[in-house]
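Structure first, commentary second.
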Amino acid sequence: MRLASIHFYPVKSTAGHDVTEAEVEPWGLKDDRRYLVATPDGEMLTAREEPKLLACRAEVSGGRLTLAGPHRPPLLVTPTSQLSDTQVWRTRVKLTDCGDDAAEWLSALVDRPVRLMWLDDPTRRPVNPEHGTPQDRVSLADGYPLLLASTTSLDQLNDWIAEGAVERGEELPEPLPMRRFRPNVVVSGAATPFVEDGWKRVRIGEVSFRMTKPCARCVLTTIDPDTLQKGKEPLRTLGRHRRIDKKLLFAVNLIPDGPGTIRVGDPVTAP
């Protein structure tokens, strides 16, 4: 198996970046999901509720974040020194407010008042203790430092989607791209679809990882990141073929054993 692609998302729920190599830090890829959008009362906001966030492209250069979008000129973000509690799923996390200019820029994009928040200290947020150790940390990803997906599994899913369309007498849809699932690392060459579900550990190049659990998918996967339109796939087909313990599963969560650098083309081994 080989590492086929690497992706990171500077601001949670915004457009991703494809890179040929990346630093692995204890809490995720360098610069991955260190920012998120929140409501004024401190509740995390994602593209599940506001698909327009997917139209925002965030760039990181020299440690500074720039926001680009279809509605306004790009904005260089200047964080404040103000810390406040933000609800990130089931936990409250202290994040740094990124100022009124960033808030106004993003509010204009999604047409509602929002704030941009920064996880200035990535050691602040622990992973779910059910699937990690007390020392494990995560950035602002949903639950774990990295998400791994397999091209073999995506090929199988797209075959199932096509078969379902034929059964319903519908026109064959275009295959879903991997970007619908927002992984960090994509592996090619797996012998069978969804074999990654059973891995306990995986090594990518020089970096080893622990597997935590398969990823339960949500409505975000049904949003076309180009048109921002919602559809029924892939959840309809995952519900038919990949419903396990009442969850619709695709891709697996990883925790790195230590830091290092991964590169597209690296060998991938799963003992």
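When Rg and Dmax are taken over the Cα atoms of region 35-118, they come to 12.0, 35 Å.
Using the Cβ-Cβ distance between Asp111 and Arg168 with R0 set to 45 Å, the FRET efficiency from 1/(1 + (r/R0)^6) comes to roughly 0.80.
Taking only the Cα atoms of region 128-271, the ratio Rg/Rh comes out at 0.98, with Rh defined as the Kirkwood radius.
Backbone geometry of region 233-247 corresponds, through the Karplus equation with coefficients 6.51, -1.76 and 1.60 at θ = phi - 60°, to 3J(HN,Hα) couplings of 9, x, 5, 4, 6, 4, x, 7, 10, 10, 8, 10, 6, 6, 10 Hz, x marking Gly and Pro.
Between Thr227 and Thr66, the C-beta separation translates, for a Förster distance of 22 Å, into a calculated FRET efficiency of about 0.35.
Here the Kirkwood formula, the inverse mean of 1/r across different C-alpha pairs, assigns the chain a hydrodynamic radius of 19.2 Å. Think of the chain as having a plus end and a minus end, set by charges on the Cβ of Lys, Arg, Asp and Glu; of Ile6, Pro225, Pro259, Pro259 sits farthest toward the positive end of this dipole. What the phi angles of region 160-173 give under the Karplus curve with 6.51, -1.76 and 1.60, with θ = phi - 60°, is a coupling list of 4, 4, 5, 4, x, 5, 4, 4, 8, x, 9, 5, 5, x Hz, glycine and proline written as x. With contacts taken as Cα pairs under 8 Å and at least 6 residues apart, region 1-154 reaches a relative contact order of 22 percent. In plain terms, the chain from Thr39 to Ile244 could stretch by 70.5 nm, reckoned as 0.36 nm per residue minus the Cα-Cα distance. Qualifying GluC sites (Glu not before Pro) in region 120-188, where qualification requires a DSSP coil assignment and no more than 14 other C-beta atoms within 10 Å, comprise Glu130, Glu170, Glu171.
The residues Ile255, Ile244, Ile204, when put in order of fewest to most other Cβ atoms within 10 Å, stand as Ile244, Ile255, Ile204. The mean sequence distance of close C-alpha pairs (under 8 Å, at least 6 residues apart), as a share of the length of region 57-115, puts its relative contact order at 23 percent. Restriction of the trypsin sites (Lys or Arg not before Pro) in region 15-92 to DSSP coil positions whose beta-carbon has at most 12 other beta-carbons within 10 angstrom yields Arg90. Residues whose amide H comes within less than 5 Å of that of Leu248, counting only those at least five positions distant or on another chain, are Arg217 (H built at 1.01 Å from N in the peptide plane). Straight-line cross-link reach from Lys230 at under 16 Å between alpha-carbon atoms covers these lysines, not counting any fewer than eight positions away in the same chain: Lys52. In loop segments of region 165-271 as defined by DSSP, the trypsin sites (Lys or Arg not before Pro) with at most 10 further C-beta atoms inside 10 Å of their C-beta are Arg168, Lys200, Lys246.
With a Förster radius of 22 Å, plug the Cβ-Cβ distance of Lys213 and Asp155 into 1/(1 + (r/R0)^6) and report the FRET value to the nearest 0.05. After rounding to 0.05, the efficiency reads 0.45. Among beta bridges identified by DSSP and lying wholly in the chain, the antiparallel ones come to about 90 percent. Under the criterion of Cα pairs below 8 Å and six or more residues apart, the relative contact order for the chain equals 24 percent. Any chance you could check the Cα centroid distance between region 166-232 and region 1-77 for me, in angstrom? If we compute the Cα centre of each part, the gap is 19 Å.
The numbers here are math on the coordinates, done by the rules we state, and not lab data. Everything numeric here is computed off the predicted structure, so don't read it as measured data. We place every Cβ from the backbone using ideal geometry, glycine too, and count neighbours over all the protein chains shown.
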